[in-house]
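See structure below.
What follows draws every value from the coordinates through simple rules; no lab data is involved. In this text the structure is predicted, and so the values were computed from the model without any measurement. With ideal geometry, Cβ positions are generated from the backbone for all residues, glycine too; neighbour counts draw on all protein chains shown.
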Amino acid sequence: MNHIKVFIGMLSLLLAFSFSARSQQNLSSFDRGSFAMKGDTLPYRLLFPKHFDPNKKYPLLFVLHGSGERGNNNEAQLKYGPSRLLQDSVREKYEAIVVFPQCPANSYWSNVQQETDPATQKRKFVFQVNEQPTIAMSLLMGLVDQFLDKPFVDKHRVYIGGLSMGGMGTLEIIGREPKIFAAAFSIAGGDNTLNAKKYAKKVPLWIFHGSKDSVVPADHSEVIVAAIKEAGGDPKFTLYQGVDHNSWDYAFKEPELLSWLFSHSK
């Protein structure tokens, strides 16, 4: 019996090591890069199509991580999202260039302030209107512009999406640059409703949130969806009942997410 337990234990370790090795190998498919501007640096990871041809033009997708993955190790931002985008079936069907930038630890994608509601003691995000971009947002916009200059990028098919802080950053950047993005998705994010008119009819949106989100309240997405509709837009909205802040675990698995995203062009 002890021999069987030892064998099972060794088998489990081997399987775990194999999975870890495959995962690490997959993430190594992302090249490393960095963008510098005015003394600040934005690290990023870059995934080229499997059969990349520099003479062709490819769709371009930016994915923005949440606040927990900030820093400068150029690795943490790959925590959520790559597993779907690295699937062979996905890479074969959607030949796109994918960029995962990493927000500096001392910055934030969007210009937002955090407050605590004295009545409920719940965290509240106060989104700004027509304020200057953060350092991270300025770097991100510079990075986008740099990629738009690449001859192998299809300027009519540029997309962006993100989770939590990245979902907020997604809504902010499409408000700042609505002519660039063909479509976008925001997971567990939010924006000031006064900003909705900037992109409501210009950028198709799919918004996701968990109804029980204890970090970014679901009403941040609910009110922006209502504001977009009022401004003439037609966003897709998926509210996962009973789900907390990790709604990205569900959103990235949505069967139609990528087909919906890449179906749009400017």
Candidate aspartates and glutamates for bridging to LYS201, where Cα separation is under 20 Å - those fewer than 8 sequence places away on the same chain excluded: GLU172, GLU177, ASP191, GLU222, GLU230, ASP234
Other-chain or far-sequence residues with amide H under 5 Å of SER247's (modelled H): GLY210
Under 5 Å, built H, 5+ apart or other chain: amide partners of SER34: TYR44
Cross-link pairs beyond the 19 Å C-alpha cut-off, checked among LYS155/LYS266; LYS150/LYS236; LYS122/LYS229; LYS38/LYS79; LYS202/LYS266; LYS155/LYS179: LYS150/LYS236; LYS122/LYS229; LYS38/LYS79
R0 of 30 Å, Cβ-Cβ distance ASP249-GLN146: FRET efficiency to nearest 0.05: 0.45
Calculated from backbone phi, Karplus (6.51, -1.76, 1.60) coupling profile of segment 145-158 in Hz, x at Gly/Pro: 4, 4, 5, 5, 7, 6, x, 9, 9, 7, 5, 8, 10, 10
Estimated vicinal HN-Hα couplings, Hz - segment 107-118 in sequence order (Karplus 6.51, -1.76, 1.60; Gly, Pro = x): 10, 8, 4, 9, 8, 9, 10, 10, 10, 10, 5, x
Computed FRET value (nearest 0.05) for GLN114 with ALA226, which takes r as the C-beta separation and R₀ as 25 Å: 0.65
Where a label projected 7 Å from the Cα of LYS201 along Cα→Cβ would reach, residues of segment 170-190 with amide N under 18 Å: 175-183
Derived scalar couplings ³J(HN,Hα) [segment 74-80; Karplus, 6.51 cos²θ - 1.76 cosθ + 1.60; whole Hz; x for Gly, Pro]: 6, 9, 4, 5, 8, 5, 10
DSSP bridge pairs, the chain: antiparallel proportion in percent, nearest 5: 40
Label-point gap, in nm, between LYS236 and ASN73 - each point 7 angstrom along Cα→Cβ: 3.3
Nearest-20 debye value, the chain charge dipole, Cβ charges on Lys, Arg, Asp, Glu: 440
Radius 11 Å from Cβ of LYS266, net charge of other residues (Lys, Arg +1; Asp, Glu -1): +3
Expected 222 nm ellipticity per residue - DSSP helices of 4 or more, -39500 (n - 2.57), all of the chain, to 500: -9500 deg cm²/dmol
Charge context of ALA76, other residues only, Cβ under 14 angstrom, K/R +1, D/E -1: +2
